[in-house]
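The values are calculated or read from the model by the stated rules, or taken from the named source; none is laboratory data. Please read all numbers here as calculations on a predicted model, not as lab measurements. We place every Cβ from the backbone using ideal geometry, glycine too, and count neighbours over all the protein chains shown. For the accessible areas, the whole protein counts, side chains as well, though only heavy atoms, and no ligand, DNA or RNA atoms are used. Shrake-Rupley method; radii C 1.70, N 1.55, O 1.52, S 1.80 Å.
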Amino acid sequence: MEPIDRRGFMKSMAGTAALTGSELAAASEQPSGRPVFLATWPFGKSANERAAEVYHRGGSLMDAVEKGINVVEDDPAVMSVGYGGLPNAEGVVELDAAIMDGTRHRAGSVCNLHMIKNPISVARQVIEKTRHTTMAGDGAFQFAMKLGFQPQQLLTPASLKRWLEWKTNPNRQTFWLNPTENHDTIGLVATDGEGHMAAGCSTSGLAWKIPGRVADSSLVGCGVYADDRAGGASATGDGDIMTNYCTSVTIVQLMASGASPQEACEEILRHMVRTDPSNRSAQAAVIAMSNRGETGAVCMNPQFRLRYALWKDGASQLLDGKVLYD
Ligand code: ASP
């Protein structure tokens, strides 16, 4: 798809007649020359801070994204990512992750990975060491073993206790078309301030998911996407819904067509509701950043509020995403 200019995009959006002054100013804005890191959820703050540190010490943007996400994967207190993440229905921690270099236009991902606490690092190695893009299950595990990753039990006493409580509850909800809610992916989108983009995400997925389930976080373009031509995006929430909309690549394409990150985030969630009104109550949230370092963050409804982290000009803060439907 050829990029169209911002005016073209705005004209094409229903109900939008003309650009405002601030929109024209934004359209002519150049990259700032300063890096920006944007991440999902409050735990994204420490991920951003680590990413900024790695970058300022001479690491690449991809190093920054990977190492930033490692912080959350390593934290047993985060029960939706990496070590300590809540397991699948059989009590096995099953991890998904993807990382994309917007400059090389190259992504790597792993899904259904067991016993390796840093799936984002394995995904990175898929890019650096192979001609493949996605590795799954035992093959991904064997690949990680060959590269020297250490296998370990990823259940913690706390996550094991949660699983046992769920498993022994005769009225437990399952994902056989009867969803439960226990998740939250770390998604991190970064720019170097020179127009280069990288993005990654990592998750243990929906708690108690049916073993073998693969959703947005390891599917390139769904949970994460980056393209220097326009920007990067990441999604969090019900990954089965996110996958049906190729959420992250759609956001980036909207930006390539002239939408701001905020407009693009809102548009994909509106599209979900237009195509299926029941999605209005979906757990869905997205973040995006343009290649000029502008950011956007939106969640579908107040039941799934998005608190996100932004690192910019040395300041690291937590902010609230826009709630699209009250
Ligand atoms: N999208 C993830 C999944 O469905 C979970 C989340 O982001 O909350 O696996």
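Residue pairs whose Cβ atoms lie under 7 Å apart, separated by 6 or more positions or on different chains, with the first residue in segment 203-224 and under 18 Å from TYR83 (Cβ atoms) and the second part of a helix (DSSP H, G or I) and among the basic types (Lys, Arg), do not occur.
Pick from segment 193-205 the residues that are open to solvent by less than 10 Å² (accessible area, probe 1.4 Å) and farther than 18 Å from ASP74 by Cα: which of them is nearest to the ligand (Cβ to nearest atom)? This residue is ALA199. Only one of the numbered conditions (1) within 14 Å of the ligand (Cβ to nearest atom); (2) open to solvent by less than 10 Å² (accessible area, probe 1.4 Å) is not met by LEU154, and that is (1).
Can you find even one residue in segment 239-255 that is in contact with a Phe, Trp or Tyr (Cβ under 6 Å, 6 or more places away or on another chain) and near the ligand (Cβ under 9 Å from one of its atoms)? Let's see the steps before the verdict.
Looking only at segment 239-255, we keep the residues that are in contact with a Phe, Trp or Tyr (Cβ under 6 Å, 6 or more places away or on another chain), and these are 248-249, 252.
In the following step, the residues that additionally are near the ligand (Cβ under 9 Å from one of its atoms) were identified as none.
Scanning segment 239-255 turns up no residue that is in contact with a Phe, Trp or Tyr (Cβ under 6 Å, 6 or more places away or on another chain) and near the ligand (Cβ under 9 Å from one of its atoms).
Screening ILE210 with (1) in a helix (DSSP H, G or I); (2) open to solvent by 10 Å² or more (accessible area, probe 1.4 Å) gives one miss only, at (1). In segment 315-326, the residue that is farthest from ASP228 (Cα to Cα) out of those that are out of contact with any Cys (no Cβ under 8 Å at 6 or more places or on another chain) and either aliphatic (A, V, I, L, M) or at pLDDT 95 or above (or both) is TYR325.
Answer yes or no as to whether GLY232 is in a strand (DSSP E or B), near the ligand (Cβ under 9 Å from one of its atoms) and among the small types (Gly, Ala, Ser). Break it down into steps so the answer makes sense when it comes.
On the way: in a strand (DSSP E or B): yes; near the ligand (Cβ under 9 Å from one of its atoms): no; among the small types (Gly, Ala, Ser): yes.
When the stated conditions are applied, GLY232 does not pass them.
Of the residues in segment 233-255, not one is open to solvent by less than 10 Å² (accessible area, probe 1.4 Å), at positive phi, modelled with pLDDT of 95 or more and in contact with a Pro (Cβ under 9 Å, 6 or more places away or on another chain).
Scanning segment 152-173 for residues that are outside any helix (DSSP H, G or I) and closer than 21 Å to VAL214 by Cβ returns LEU154, LEU155, GLN173. Scanning segment 57-77 for residues that are farther than 13 Å from ALA190 by Cα, of a type outside the set (D, E, K, R) and assigned to a helix (DSSP H, G or I) yields a count of 3.
I'd like to know if segment 285-298 contains one or more residues that are of a type in the set (A, V, I, L, M) and open to solvent by 10 Å² or more (accessible area, probe 1.4 Å). Step through it out loud before you land on a result.
Of the residues in segment 285-298, the ones of a type in the set (A, V, I, L, M) are 285-289, 297-298.
Subsequent filtering for residues that are open to solvent by 10 Å² or more (accessible area, probe 1.4 Å) retains none.
Within segment 285-298 (the criterion being of a type in the set (A, V, I, L, M) and open to solvent by 10 Å² or more (accessible area, probe 1.4 Å)), the answer is no, since none of the residues qualifies.
Looking at ASP216, ASP228, which is the one that is acidic (Asp, Glu), touching a strand residue (DSSP E or B) at 6+ places or on another chain (Cβ under 9 Å) and open to solvent by 20 Å² or more (accessible area, probe 1.4 Å)? Exactly one residue qualifies, and that residue is ASP228.
So which of GLU266, GLU165 ends up being among the acidic types (Asp, Glu), at pLDDT below 95, open to solvent by 10 Å² or more (accessible area, probe 1.4 Å) and away from the ligand (no atom under 16 Å from the Cβ)? Walk me through how you get there before you give the answer.
Working: GLU266 fails: at pLDDT below 95.
Checking each option against the conditions leaves just GLU165.
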